[in-house]
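Chemist: One structure, as structure tokens, below. Some questions next.
The values are calculated or read from the model by the stated rules, or taken from the named source; none is laboratory data. These numbers come from a predicted model, not from an experiment. We place every Cβ from the backbone using ideal geometry, glycine too, and count neighbours over all the protein chains shown. The protein model used for the area step is the full one, side chains on, heavy atoms only, and it has no ligands, DNA or RNA in it. Shrake-Rupley method; radii C 1.70, N 1.55, O 1.52, S 1.80 Å.
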Amino acid sequence: MYEKGIQTRNHLYEISKKCFYDHGYENTKIKDIVTAADTPIGLFTYYFKTKDNIVHEIYSDFYQQIDQCLGALSIDGLENSILHHATLSYIYFDLILNNENNRRFYFEILKKASNYRIAGDFIRNTYRGYIQEYNLVVSEREFDNFLFIDFGGRREYFLNYFQKPLNDSIDELVFLLNGILPRLLGIDQHAVTTLLYKGIHIAKTIDCRQIQFLSK
């Protein structure tokens, strides 16, 4: 992609994030994005085709920002897949759920469908790390079924979390959700509990102000 094209695409992407932050997913139309970006609608469809493609990129970029932040730190034991995921998850949910606009956007996306379609690739790779690290024997069919159970459970939990609403803390939320798959896989419960608590503790010591989900 030539330089001007990259700049145009990046501009549309950043404007989309700001529109989503200000107005939410449901109230942001493609025409709103291109009007705010002062670009023809044809450029939006050329680079992204749909709003959902931008949403997929937003989530992927957010995961990568957190992952890169953790990768730049020298924290003993963080190479453990369960510990790393717990630390990342705490930062992820803390930045989303403790900001009203991020929270609204996350809920609107979740209402449409499970986040599996958005975050599936990242989580799939993360969970494969569990299997490799703990030398587990799991067939592809079992693995896929575990993913569906995990994401389905998460979606039902969050629909309840937002609609009640629940008063679960980020600590409780991460401990619950990040414990689902390790327990399904049969990993030692004491080890899982210890790693989850340690990951939550580590996350609270990390300065995450440079990481953004949407753009204010």
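Chemist: Pick out the one residue from 87, 28, 39 that is outside the structural domain of residue 130 (by the TED database) and crowded, with 20+ Cβ neighbours inside 10 Å. Walk me through how you get there before you give the answer.
Modeler: Working: 87 fails: outside the structural domain of residue 130 (by the TED database); 39 fails: crowded, with 20+ Cβ neighbours inside 10 Å.
Just a single option satisfies the conditions, and that option is 28.
Chemist: Would you pick out the residues in segment 180-213 that are part of a loop (DSSP other than H, G, I, E, B) and over 24 Å from residue 73 (Cβ atoms)?
Modeler: Scanning segment 180-213 gives 185, 186, 187, 188.
Chemist: Does at least one position in segment 43-59 carry a residue that is under 30 Å from residue 133 (Cβ atoms), assigned to a helix (DSSP H, G or I) and open to solvent by 20 Å² or more (accessible area, probe 1.4 Å)?
Modeler: First, pick out the residues of segment 43-59 that are under 30 Å from residue 133 (Cβ atoms): 56-59.
Filter once more, keeping what is assigned to a helix (DSSP H, G or I): 56-59.
Retained after the next criterion (residues that are open to solvent by 20 Å² or more (accessible area, probe 1.4 Å)): 56-57.
Yes, some residue in segment 43-59 is under 30 Å from residue 133 (Cβ atoms), assigned to a helix (DSSP H, G or I) and open to solvent by 20 Å² or more (accessible area, probe 1.4 Å).
Chemist: If residue 147 meets every condition in (1) at pLDDT below 95; (2) open to solvent by less than 50 Å² (accessible area, probe 1.4 Å); (3) out of contact with any Gly (no Cβ under 9 Å at 6 or more places or on another chain) apart from one, which number is that one?
Modeler: Of (1) at pLDDT below 95; (2) open to solvent by less than 50 Å² (accessible area, probe 1.4 Å); (3) out of contact with any Gly (no Cβ under 9 Å at 6 or more places or on another chain), only one is false for residue 147: (3).
Chemist: Also: Given the criterion part of a helix (DSSP H, G or I), under 20 Å from residue 212 (Cα atoms) and among the β-branched types (Val, Ile, Thr), identify the matching residue among 149, 96, 82, 131.
Modeler: 96
Chemist: Looking at (1) open to solvent by 30 Å² or more (accessible area, probe 1.4 Å); (2) modelled with pLDDT under 90; (3) assigned by the TED database to the domain that holds residue 102, which one does residue 120 not meet, given that it meets all the others?
Modeler: (1)
Quick grid of which residues meet (1) open to solvent by 20 Å² or more (accessible area, probe 1.4 Å); (2) aromatic (Phe, Trp, Tyr):
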position	(1), (2)
64	yes, no
67	yes, no
73	yes, no
92	no, yes
101	yes, no
105	no, yes
109	no, no
112	yes, no
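Chemist: Follow-up question, since we're still on this one. Is it the case that segment 109-119 has a residue that's within 28 Å of residue 9 (Cα to Cα), in contact with a Ser or Thr (Cβ under 9 Å, 6 or more places away or on another chain) and either without any contact (Cβ under 8 Å) to a residue 60 or more places away in the chain or in a helix (DSSP H, G or I) (or both)?
Modeler: Step one: filter segment 109-119 for residues within 28 Å of residue 9 (Cα to Cα), giving 109-119.
Retained after the next criterion (residues that are in contact with a Ser or Thr (Cβ under 9 Å, 6 or more places away or on another chain)): 118-119.
Those still in the list that are either without any contact (Cβ under 8 Å) to a residue 60 or more places away in the chain or in a helix (DSSP H, G or I) (or both) too: 118-119.
Scanning segment 109-119, I find at least one residue that is within 28 Å of residue 9 (Cα to Cα), in contact with a Ser or Thr (Cβ under 9 Å, 6 or more places away or on another chain) and either without any contact (Cβ under 8 Å) to a residue 60 or more places away in the chain or in a helix (DSSP H, G or I) (or both), so the answer is yes.
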